[in-house]
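Undergrad: Below are the structure tokens for one structure; questions will follow.
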Amino acid sequence: YGDDTVIRRHYDSMEEYMCYIERKNGLNGANAWYADWLSYEQTDKLYVSICYYYNNAVIMQRFSEILSKANRAEYYKDLSEKILAHYFEKYVLNNEITETSQTAYLLPLYFDMLDDKVRENAIKNLEKKIVNNGYKLSTGFLGTGVLCQTLAKVGLNDLAYSLLLQEDDPSWLYSVNQ
């Protein structure tokens, strides 16, 4: 909102966190224990970690720019590019993401990690996964949190509404009806 007070106040601790992750796990991110917790379909924990680490680097680049820290912005731009290259090397083959859960398609779409062909394939595969699952989600906490936003972002608004209005388990309205 034009006020950088919060960013300025917490920037050093955010940098410490990013440095800690880099020292501890390199390009693999924080390597969270739970990943997409309580999902109906597993997503590799390292995959989730790398996606979030990429997003953290992008955010830190933006924060560095806001605070006019050009050298740090360049550092985080370079770091995000390295993380993205690592992601593609580890999880993309022949323009397809090798992890195939709904969350595995959602995260890189939500974080804008994919080039055109991989993005196009991820959107098609995500749509197919949801349709083949009876228009139900199979995500855990992380995937569910970005599900409808991502579907809307990639032009699948009708699919988002189909998921939202679903009453069979697993779905939002199933829980409401119970």
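The values are calculated or read from the model by the stated rules, or taken from the named source; none is laboratory data. This is a predicted model, so every value here is computed, not measured. Backbone-built Cβ (ideal geometry, glycine too); neighbour counts: all protein chains shown. Each accessible area value is taken on the protein alone, full model and side chains, heavy atoms only, with ligands, DNA and RNA left out. Shrake-Rupley method; radii C 1.70, N 1.55, O 1.52, S 1.80 Å.
Undergrad: What accessible area per residue comes out for region 48-139, rounded to a whole number of Å², with a 1.4 Å probe?
TA: I get 47 Å² per residue for region 48-139.
Undergrad: Taking θ as phi - 60°, what are the ³J(HN,Hα) couplings along region 95-112 by the Karplus curve (6.51, -1.76, 1.60), each to the nearest whole Hz, with x for Gly and Pro?
TA: So the J values, rounded to whole Hz, are 6, 10, 6, 7, 7, 10, 7, 4, 4, 4, 7, 5, 4, x, 5, 5, 8, 6.
Undergrad: Taking a ≥ b ≥ c as the square roots of the eigenvalues of the Cα gyration tensor of region 1-89, is the shape rounded (a/c under 1.5), prolate (a/b larger than b/c) or oblate? Mind dumping the intermediate values first?
TA: Working: a/c = 2.23, a/b = 1.70, b/c = 1.31.
It is prolate, given that a/c is not under 1.5 and a/b is the larger ratio.
Undergrad: OK, next. So how strong a dipole does region 33-80 carry about its Cα centre when Lys and Arg Cβ are +1 and Asp and Glu Cβ are -1, to the nearest 20 debye?
TA: Values: 5 positive and 6 negative charges, 54 e Å.
Computed about the Cα centre, the dipole is about 260 debye.
Undergrad: Something else now. Which value, in debye to the nearest 20, gives the size of the charge dipole of region 55-120 about its Cα centre, when Lys and Arg are +1 and Asp and Glu are -1 at the Cβ? Don't skip to the answer; put the middle values down first.
TA: Working: 8 positive and 11 negative charges, 62 e Å.
The dipole of region 55-120 has a size of about 300 debye.
Undergrad: I'd like the distance separating the alpha-carbon centroids of region 138-156 and region 36-111, in whole Å.
TA: With region 138-156 and region 36-111 each reduced to a Cα centre, they are spaced 16 Å.
Undergrad: For the chain, evaluate the Debye formula with one uniform point scatterer on each Cα (no solvent term) and list log10 I(q)/I(0) at q = 0.15 Å⁻¹, rounded to two decimals.
TA: -0.90
Undergrad: Something else now. Per DSSP H run of at least 4 residues, take -39500 (n - 2.57); add these up for the chain, divide by its residues and hand me the 222 nm value, nearest 500 deg cm²/dmol.
TA: On the way: 8 runs with 118 residues, N = 178.
So the helix-based figure for the chain works out to -21500 deg cm²/dmol.
Undergrad: Any chance you could give the angle, 0 to 90 degrees and rounded to 10, that helix 116-132 forms with the longest Cα principal axis of the chain?
TA: 40 degrees
Undergrad: Hey, another quick one. Give me the dipole magnitude in Debye, nearest 20, for the chain about the Cα centre, with unit charges on the beta carbon: positive for Lys and Arg, negative for Asp and Glu.
TA: Details: 18 positive and 25 negative charges, 46 e Å.
About 220 debye.
Undergrad: With the full set of protein chains in place, find how many percent of the accessible area of the chain is carbon and sulfur; take the probe as 1.4 Å. Each step should come with its number before you reach the end.
TA: On the way: 5100 of 10130 Å².
About 50 percent, which is the carbon plus sulfur part of the accessible surface.
Undergrad: Here's a follow-up. Need one number for region 63-108: average projected area of the convex hull over its C-alpha atoms, nm².
TA: Working: hull surface 15.6 nm².
Its average projected convex-hull area is 3.9 nm².
Undergrad: Then there's this: Mind checking which aspartates and glutamates have their C-alpha under 15 Å from Lys124, skipping anything on the same chain fewer than 8 residues away?
TA: Once the sequence-local aspartates and glutamates are set aside, what remains near Lys124 is Glu96, Glu99, Asp115, Asp116, Asp158.
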